[in-house]
Every structure is written in structure tokens, then in C-alpha cells.
1. What's the total number of residues in the stretch 156-182 that are out of contact with any Lys or Arg (no Cβ under 6 Å at 6 or more places or on another chain), part of a strand (DSSP E or B) and not aliphatic (A, V, I, L, M)?
2. State yes or no: is Leu88 in contact with an Asp or Glu (Cβ under 8 Å, 6 or more places away or on another chain) and not hydroxyl-bearing (Ser, Thr, Tyr)?
3. So which of Ala95, Ala164 is under 31 Å from the mean Cα position of the chain (by Cα), more than 30 Å from Arg69 (Cα to Cα) and assigned by TED's automatic domain parsing to the domain that holds Asp226?
4. Within the stretch 124-146, can you find the residues that are buried (at least 18 other Cβ atoms within 10 Å of the Cβ), part of a strand (DSSP E or B) and not aromatic (Phe, Trp, Tyr)?
5. I need the full set of residues from the stretch 142-162 which are in contact with a helix residue (DSSP H, G or I) (Cβ under 7 Å, 6 or more places away or on another chain) and over 19 Å from Val185 (Cα atoms), in order please.
6. Check off (1) touching an Asp or Glu at 6+ places or on another chain (Cβ under 7 Å); (2) surrounded by 19 or more Cβ atoms within 10 Å (Cβ to Cβ) for Leu212 and give me the number that stays unchecked.
7. For the stretch 79-104: of the residues being assigned to a helix (DSSP H, G or I) and touching a helix residue (DSSP H, G or I) at 6+ places or on another chain (Cβ under 8 Å), which is surrounded by the fewest Cβ atoms within 10 Å (Cβ to Cβ)?
8. Just checking, which of Ser103, Ser133, Ser139, Ser111 is among the hydroxyl-bearing types (Ser, Thr, Tyr), under 18 Å from Asn207 (Cβ atoms) and in contact with a Pro (Cβ under 8 Å, 6 or more places away or on another chain)?
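The values are calculated or read from the model by the stated rules, or taken from the named source; none is laboratory data. Note that the coordinates shown come from a computational prediction; the quantities given were computed from them, not determined experimentally. Every residue, glycine among them, receives a Cβ derived from its backbone with ideal geometry; neighbour counts consider all protein chains shown.
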Amino acid sequence: MSEGTMQRRAQREQPERAKRLTRVLVCAAVVPAMLIAAGCSSDSGSDDGKDEGASASASKSASPSPTVRAAAYKKLPEACGVLSKKTLDELAPKAKSGKEGSSDDVSTRASCSWSSLDNNGVKGSQFRWLNVSLLRFESDTTRGPGDKLAQEYYDKQVRDVQAAEGAKGMQAEPVTGTGDEATVVRYDLKKKEGTFKQHTVVARVENVVVTLDYNGAGLAGDKTPDAGDLLKDAKKAAKEAVTSVTKANGTGGAGSSPSGSASGEASDKPSSSASKRSSGKS
């Protein structure tokens, strides 16, 4: 083959070699890019797996929903039936049937009152007024257990009674044998009809607070009733009302507690809070 022929062939093959080299370089560039993309995809999948695992771990370690112990008592007795006929005859002898107070839910709030006027003619009259209020507290995950809420209300109720306007000779003392804790507040209240001897017993048994009001007065010239007798009657009635609450919930007598806590001991001696309040006499 002549030299000229070889040169012409080389010139014809040179563009073909250039095209093949270009294709090789392009492929060489594409392959790392694909590898990089695959690597990114692999890393992304790994991160997602970690995130999912972290989320699952966080879910397992998350705090459970808050809980609170259930209230011991689930219902209230009929308010006008918490006292026996015998007790009503002694405390309000001339009273007709009790007057039930209004309530949106008698399972949590109820009351009943009796009014008695024993007319003695020209000698005057003996007046008696008796009222029993019942308030039951449910346990709440935000506010706390029912017995704690009842305790707070009990303390507030005693303070409110002691703040009665126009009260004279205020005295407060603990009451034993009545629920988990009880306090009686007594004072005189002078009105144009006469001097009223007021006695209020506030008692708590588990998650229920019982408030018993009892007052008496001699009207139109009749003598003022003996405060000691009224106090004795008020304590007796309050104990009976507490017993009705415990019986309505399937438990025993006054002062008993289905939880088996220190309630029994509290029934035999004044609570510490009640003892502190008894010193606040005016």
C-alpha cells in the first residue's frame, strides 16, 4: 500500500476514533453520577429508617395518660330520707314533710329542710329549723381524687360558717365519731323575732361532705331554747345523716370507710385540722 493511501485511510478513521472516545468519556462521567445518586438514595433510606425508629421509641417512652384513684362513694341517699322519723320528731316536732332543695343532679348535690313552729298560745312559740345538704365529689384527672376535693370543700365550708355575719359568741369544736372528720360551729344570731341559737355541723366521709344546720328560738315571749340541748341534737342528726350516706353506698355505720384507710381512727378522735379550728373562738 502506498504511503498516500495510508494517509488517506488514517484521515478517514480519525473522526471515528474521536467519536468513540467522546462516547467513552461521556459514559465515564455518567457512571459516577449514577453511583452518587444511588449513594444519596441509600443514605436517605437509612435516615428515614432512623427517624421511624426514633418515633417508635419516643411513642413507647411517652408518659401514659394521667390517672387518679376512683372516688369511694358513687351516689347520695335521698336527702329528705337521711334522718329517721324519730329524729325528726325530736328536732322538728311540728314539721310537715321535708322540703327538697332544687338540684341539677341529685347524685352529686341534694338537700332537704324542715321548719317547725310549736305554738304555745299566749306563752309564745318554739321555732326550729333543720336543713341537711349533701355534696359528692367525683375524682378528676386534672383536679385530683374525690376525697381530696371533698377535704378542700370541707375546710372552706367550716371557714364560711365561721364568717357568718352578725354572729355572736362564735365557738367551733371537732366532733368525734362522725365520718372521717367533722366540726360543729355554734353562735347566737339576734333578730327582731328573738335570739336564734345556730348550730352547723360540717362532716366529711370519703368524697362526700354533709352540712347540717339546726337552729331554734323562743318567739313571742317564749323562753330561748337551751343551747346545750340543741348542740346535742345537731350532733346526733349529723351522725345519722353520715350513716345514711355510707349505707347508700353499701358500707357500714358512720365513720366507716370502704377504702380501709385511717378513716376509722379519724372517727374516734378529732382530725388535726378540726383541732386547729377549735381554737378559733370569738
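1. Counting residues in the stretch 156-182 that are out of contact with any Lys or Arg (no Cβ under 6 Å at 6 or more places or on another chain), part of a strand (DSSP E or B) and not aliphatic (A, V, I, L, M) gives 4.
2. No.
3. Criteria check complete, one pass: Ala164.
4. If the condition is that a residue be buried (at least 18 other Cβ atoms within 10 Å of the Cβ), part of a strand (DSSP E or B) and not aromatic (Phe, Trp, Tyr), then Ser125, Gln126, Arg128, Leu130, Asn131, Val132, Ser133, Leu134, Leu135, Arg136 are the ones that fit.
5. Of everything in the stretch 142-162, just one residue is in contact with a helix residue (DSSP H, G or I) (Cβ under 7 Å, 6 or more places away or on another chain) and over 19 Å from Val185 (Cα atoms), namely Arg143.
6. All conditions pass for Leu212, except number (1).
7. In this case the residue turns out to be Gly81.
8. Of the residues listed, the single one that is among the hydroxyl-bearing types (Ser, Thr, Tyr), under 18 Å from Asn207 (Cβ atoms) and in contact with a Pro (Cβ under 8 Å, 6 or more places away or on another chain) is Ser139.
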